[in-house]
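*Asks:* Have a look at the structure that comes next, please.
Where a number appears in this text, it was derived from the coordinates with a stated rule and is not lab data. Small disclaimer: the values here were computed from a predicted structure and weren't measured. Here the Cβ positions follow ideal geometry from the backbone for every residue, glycine too, while neighbour counts run over all protein chains shown.
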């Protein structure tokens, strides 16, 4: 049993390690990437500045080191399964960063990232359904194999503006961590802290105007680790509710293009850039529907204004997730019944 | 307010998720079918429950698609 004081101390240790590694390693890594010429254009700004990419390796370093230290402290196999899932997702993303792969590659390859959770048996057999839980041992395996690719790609597809993916994960991690501590155990809560604090540190460089882009390695790592935490922490539905704006974005995109393709492969862009570098929703009916296109439906906005609105939507869905947690907790404690 | 429509869309999606959860727990969960009055009934019940649950999720996705189309027509095409 871990005592509350130990949890606090371990939590501070792993959070600080993850934060400090990402915060202090990112600036030299930005220099390294710039020297190597691994930069991409930021199309939404005047002069299209070159921004280094990917930040995934630094995020991974911070998370891996803090999780290994946590393993020495609490020796829970769940750490290994979440870590392996994260590392596999990072490798898949890094391959895509180095060489542009076809649209099917990321969703298909990310199924592999779900395997450690199943093989190490760190998932439950019960799916928490707010009002109660359902015993679905076989269906649950299929669910795990689909949750990791869906969430990984969902976070990947929302990262279209400076700081969106890291800011989005920071906001939506709050209900997930609350859910995990109430419906699972403190170990999973501790496993989640390096992701949150790694993201807070990375946000300092990723926020508008970005000094570094996450790349596919960074976004797939974030999405897959978030999904893995929700699975081992028995908070899958809470995670889905918190991610609703991102889920909606993927759903809108998929249902309008009708197939799995890379965003860059889409011929008609969902948004266009005005002369003053504000963004405007495409008037072309064949353009794919995305969350940003819907935000811009009532008129053009600057990049910063769009980012703020995405964060407001994330805060709203996180609030709904917290209400769901309260309902689930009330049912669990027998204070509510139907 | 510019985001009101999107807030409503997310809220409706949340209500739909909660409704599906309610159905799965209180309607489909307790369902038990007796055909042969032996252990086979448990298997039959499980298959029927799993099929109903998957069907319900498919209905949820279809409803979300319908909701999306309506919202797109209202928000994008009118502008």
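*Asks:* Please report how far the C-alpha centroid of segment B:42-65 lies from that of segment A:95-119, rounded to the nearest whole angstrom.
*Replies:* 28 Å
*Asks:* Put a dot 7 Å past each Cα toward the Cβ at residue A:36 and residue A:329; how far apart are the dots in nm?
*Replies:* 4.5 nm
*Asks:* How shielded is A:128-137 by partner chains, expressed as the average number of their Cβ atoms within 10 Å of its Cβ atoms?
*Replies:* The per-residue average across the peptide is 5.
*Asks:* Against the 2.2 N^0.38 Å scaling, with N counting residues, where does segment A:181-338 land? I'd like the Cα-based Rg ratio to two decimal places.
*Replies:* 1.22
*Asks:* Turning to a different aspect of this structure: I'd like the per residue volume of the convex hull spanned by the Cα atoms of chain A, given in cubic angstrom.
*Replies:* Convex hull volume per residue, Cα atoms: 138 Å³.
*Asks:* Tell me the label-point distance for the pair residue B:34, residue A:16, using the 7 Å Cα-to-Cβ offset, in nm and rounded to one decimal.
*Replies:* It works out to 6.4 nm between the two label points.
*Asks:* Regarding segment A:1-135, what are the three Cα extents along the principal axes, ordered largest first, in Å?
*Replies:* 55, 38, 28
*Asks:* Which whole number gives the average count of other chain Cβ atoms within 10 Å of the Cβ atoms across peptide A:113-126?
*Replies:* The per-residue average across the peptide is 0.
*Asks:* If you project the alpha carbons of segment A:65-111 onto their three principal axes, what span does each projection cover, largest first, in Å?
*Replies:* 41, 19, 6
*Asks:* Sticking with this one: Using only Cα positions of chain B, each an equal point scatterer, no hydration layer, compute I(q)/I(0) via Debye at q = 0.14, 0.15, 0.19, 0.23 Å⁻¹ and quote the log10 values to two decimals.
*Replies:* Calculated log10 I(q)/I(0) at the listed q: -0.60, -0.65, -0.84, -1.03.
*Asks:* Return the whole-Å distance between the Cα centroid of segment A:202-262 and the Cα centroid of segment A:266-311.
*Replies:* 19 Å
*Asks:* Restricting things to alpha carbons, tell me how big segment A:1-50 is in terms of Rg and Dmax, in Å.
*Replies:* Over segment A:1-50's Cα set, Rg and Dmax evaluate to 18.7, 57 Å.
*Asks:* Among A:317-324, A:211-218, what's the highest-first ranking by average C-beta atoms within 10 angstrom per residue?
*Replies:* Result, highest mean Cβ count within 10 Å first: A:211-218, A:317-324.
*Asks:* If I model a spin label at residue B:70 and residue A:3 as a point 7 Å from the Cα along the Cα→Cβ vector, what separation in nanometres do I get?
*Replies:* The modelled label-to-label distance comes out at 5.7 nm.
*Asks:* Helix A:303-332: angle to the longest alpha-carbon principal axis of chain A, degrees 0 to 90, nearest 10?
*Replies:* Helix A:303-332 sits at roughly 20 degrees to that axis.
*Asks:* Over segment A:182-321, what is the relative contact order in percent, taking alpha-carbon pairs closer than 8 angstrom and at least six residues apart?
*Replies:* After rounding, I find 23 percent.
*Asks:* Got a sec? Which residues in segment A:10-49 would a label at residue A:203 touch, if it sits 7 Å along Cα→Cβ and we count backbone N under 15 Å?
*Replies:* Flagged as within label range: A:19-20, A:23.
*Asks:* Still on this structure, I have one more. Calculate for chain A the 222 nm mean residue ellipticity that helices alone would give, adding -39,500 (n - 2.57) per DSSP H run of length 4 or more and normalising by residue count, nearest 500 deg cm²/dmol.
*Replies:* -22500 deg cm²/dmol
*Asks:* Which whole-number percent is the relative contact order of chain A (Cα, under 8 Å, 6+ apart)?
*Replies:* 23 percent
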